[in-house]
Amino acid sequence: MTSPDTKKIIIGKIKYTNAWPIFHYFDPNSLRGPAEMITAVPSYLNKGMSEGQIDIGALSSFAYGEISNELLLLPDLSVSADGPVQSILLFSKEPIEYIVNGNIAVTNTSATSINLLKILMTKALKGTPEYITMDPDLTSMMDVADAALLIGDHAIKASWTDHGLYVTDISEYWKQWTGLSMTFAVWAVHRNAAENKPEVIQEIVQGLKESKNRSLSDLTPIVHEAMMTIGGTQQYWQRYFENLCYDYGERQRKGLELYFRYAYELGLIQHEVRMEMWEENTRIRVKE
């Protein structure tokens, strides 16, 4: 049986480009303890964190809220936007105000964005649309719906095409309505991992912060990687990464608290969310 001291720490890494700066220079092989990093879409990482198969890493904000009692939020790490996010977009045949009671096609890759859309549609626009879950293909989605929500790299690619559709940046709409920023992904650690492996967790957190700071000091390598992997221009990606916020402080917390409050009021989440932070000066456990 594997003892807590020799058990490998599993780290979750979001596949989407918006999280690249936090992971770009992070190398799990440089850690003193055994670790493995899993790269996947948010829905897979959310499930892994929920089932305890992933110890620490990124997950969508809504998924964090669902199991917040099991997790500690890591400070200074998030994917947030104080206005447009450019990668969570609603494509519609008419302006958003005219489709509030229509059909909206959504993908199953991130509950955070879907529930943000539901909050905006219900609370801000007083609508009751019907949601259809589909694969993230804009043409297929628009064949059966009045609007389509695309997330991540699918949204980015679709935004480069002139398809004659109205495009609403959901994060920008949230900012206009609430005056607050929106946090789409957070970094968290399971409480048992924080307790059993405090030294390794502290090392991982430090490594992620260092990667973030190094990436943001010179975005050139990440911009070039995005161009090679997805396409687009250097100017687009430079602007895209500079526009995002990778910190998690008081402003991000206020926006996320309001998001969770609305989600609870609408029955999208079954309990009120209390956000508890992992402390960097966590006491190193003394083993008897």
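Has the range 129-151 got at least one residue that is polar (S, T, N, Q), surrounded by fewer than 21 Cβ atoms within 10 Å (Cβ to Cβ) and in contact (Cβ under 8 Å) with a residue 60 or more places away in the chain? First the steps, then the outcome.
Quick first cut of the range 129-151, residues polar (S, T, N, Q) only: 133, 139-140.
Narrowing further to those that are surrounded by fewer than 21 Cβ atoms within 10 Å (Cβ to Cβ): 133, 139-140.
Imposing the further condition that a residue be in contact (Cβ under 8 Å) with a residue 60 or more places away in the chain reduces the set to none.
No - not one qualifying residue is present in the range 129-151.
State yes or no: is K118 within 19 Å of Y64 (Cβ to Cβ), in contact (Cβ under 8 Å) with a residue 60 or more places away in the chain, touching a strand residue (DSSP E or B) at 6+ places or on another chain (Cβ under 9 Å) and not assigned by TED's automatic domain parsing to the domain that holds P21? Before the answer, list the steps.
Values: within 19 Å of Y64 (Cβ to Cβ): yes; in contact (Cβ under 8 Å) with a residue 60 or more places away in the chain: yes; touching a strand residue (DSSP E or B) at 6+ places or on another chain (Cβ under 9 Å): yes; not assigned by TED's automatic domain parsing to the domain that holds P21: yes.
So K118 fits the description; yes.
With E250, E199 as the choices, which residue is of a type in the set (D, E) and under 22 Å from S113 (Cα atoms)? Before you say what the answer is, go through the steps one by one.
Numbers: E199 fails: under 22 Å from S113 (Cα atoms).
The conditions single out E250.
Inside the range 161-220, can you point out the residues that are closer than 25 Å to E66 by Cα, among the polar types (S, T, N, Q) and in a helix (DSSP H, G or I)?
S171, T178, N192, N196, Q202
Collect the residues in the range 234-260 that are in a loop (DSSP other than H, G, I, E, B) and either hydrophobic (A, V, I, L, M, F, W, C) or modelled with pLDDT of 95 or more (or both), keeping them in residue-number order.
Applying the first criterion (in a loop (DSSP other than H, G, I, E, B)) to the range 234-260 yields 244, 246-249.
Result: L244, Y246, D247, Y248.
Condition test on D153, is it under 23 Å from the mean Cα position of the chain (by Cα) and more than 16 Å from L120 (Cα to Cα)? Walk me through how you get there before you give the answer.
On the way: under 23 Å from the mean Cα position of the chain (by Cα): yes; more than 16 Å from L120 (Cα to Cα): yes.
In short, yes.
Does T183 count as touching a helix residue (DSSP H, G or I) at 6+ places or on another chain (Cβ under 9 Å) and surrounded by fewer than 20 Cβ atoms within 10 Å (Cβ to Cβ)?
For T183, the condition - touching a helix residue (DSSP H, G or I) at 6+ places or on another chain (Cβ under 9 Å) and surrounded by fewer than 20 Cβ atoms within 10 Å (Cβ to Cβ) - is not met.
Show the residue pairs that are 6+ apart or on different chains and have beta-carbon atoms under 7 Å apart, the first residue being within the range 1-22 and assigned by TED's automatic domain parsing to the domain that holds Y246 and modelled with pLDDT of 95 or more, the second being assigned to a helix (DSSP H, G or I) and of a type in the set (D, E, K, R).
Once the first residue is assigned by TED's automatic domain parsing to the domain that holds Y246 and modelled with pLDDT of 95 or more and sits in the range 1-22, its partners that are assigned to a helix (DSSP H, G or I) and of a type in the set (D, E, K, R) give P21/K212; I22/K212.
Considering only residues of the range 205-259 that are among the β-branched types (V, I, T) and over 17 Å from P75 (Cα atoms), which is surrounded by the most Cβ atoms within 10 Å (Cβ to Cβ)?
Initial filter on the range 205-259 (among the β-branched types (V, I, T)): 205, 220, 222-223, 229-230, 233.
Pick out the ones that are also over 17 Å from P75 (Cα atoms) and you get 220, 222-223, 229-230, 233.
On the way: T220: 11, I222: 20, V223: 22, T229: 11, I230: 14, T233: 11.
Here the residue is V223.
Given the conditions (1) buried (at least 19 other Cβ atoms within 10 Å of the Cβ); (2) polar (S, T, N, Q); (3) in contact with a helix residue (DSSP H, G or I) (Cβ under 7 Å, 6 or more places away or on another chain), report the number of the one that S171 does not fulfil.
In the conditions (1) buried (at least 19 other Cβ atoms within 10 Å of the Cβ); (2) polar (S, T, N, Q); (3) in contact with a helix residue (DSSP H, G or I) (Cβ under 7 Å, 6 or more places away or on another chain), S171 misses (3) alone.
The values are calculated or read from the model by the stated rules, or taken from the named source; none is laboratory data. Keep in mind that what you see is a predicted model, and the values were worked out from it rather than measured. Quick reminder, even Gly has a Cβ in these numbers, built from the backbone with ideal geometry, and neighbours come from all protein chains shown.
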